[in-house]
1. Which ones in the stretch 13-55 are of a type in the set (A, V, I, L, M, F, W, C) and either more than 16 Å from residue 2 (Cβ to Cβ) or over 12 Å from the mean Cα position of the chain (by Cα) (or both)?
2. Any residue at all in the stretch 32-44 that's at negative phi, hydroxyl-bearing (Ser, Thr, Tyr), out of contact with any helix residue (DSSP H, G or I) (no Cβ under 8 Å at 6 or more places or on another chain) and assigned to a strand (DSSP E or B)?
3. Could you grab me the full set of residues in the stretch 1-31 that are among the charged types (D, E, K, R) and either assigned to a loop (DSSP other than H, G, I, E, B) or surrounded by 12 or more Cβ atoms within 10 Å (Cβ to Cβ) (or both)?
4. In the stretch 8-30, which residues are in contact with an Asp or Glu (Cβ under 7 Å, 6 or more places away or on another chain) and at positive phi?
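The values are calculated or read from the model by the stated rules, or taken from the named source; none is laboratory data. Everything numeric in this text was worked out from a predicted model, so none of it was measured. Counting neighbours? That spans all protein chains shown, and the Cβs are built from the backbone with ideal geometry, glycine included.
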Amino acid sequence: MTVRVDKTAGKICVNGVYSEATLCLYDIRGQIVEIKQATVADAFFDLPCCGSYVLVVTHSLHIPIVKKLVIE
């Protein structure tokens, strides 16, 4: 799984996600920004304002993946 911030498109791009995985984007204080359910291998979030965020990807058959994102 790869995660990249595309400032030009205004998106956070998550590639290589397992189908039916749950993706949760949190701000650094632990507040939920957005939740998505993956139906295909790629997922996109609208780019939030500058700051630090945590992306948590969970799937019933795999260990959770946690990524910290810093958007400047």
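1. Selection gives 24, 28, 32, 33, 35, 40, 41, 47, 49, 50, 54.
2. no
3. 7, 11, 20, 27, 29
4. Listed by number, the list holds a single entry, 10.
Quick grid of which residues meet (1) among the small types (Gly, Ala, Ser); (2) modelled with pLDDT of 90 or more:
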{"residue": "10", "(1), (2)": "yes, no"}
{"residue": "13", "(1), (2)": "no, yes"}
{"residue": "21", "(1), (2)": "yes, yes"}
{"residue": "24", "(1), (2)": "no, yes"}
{"residue": "27", "(1), (2)": "no, yes"}
{"residue": "57", "(1), (2)": "no, yes"}
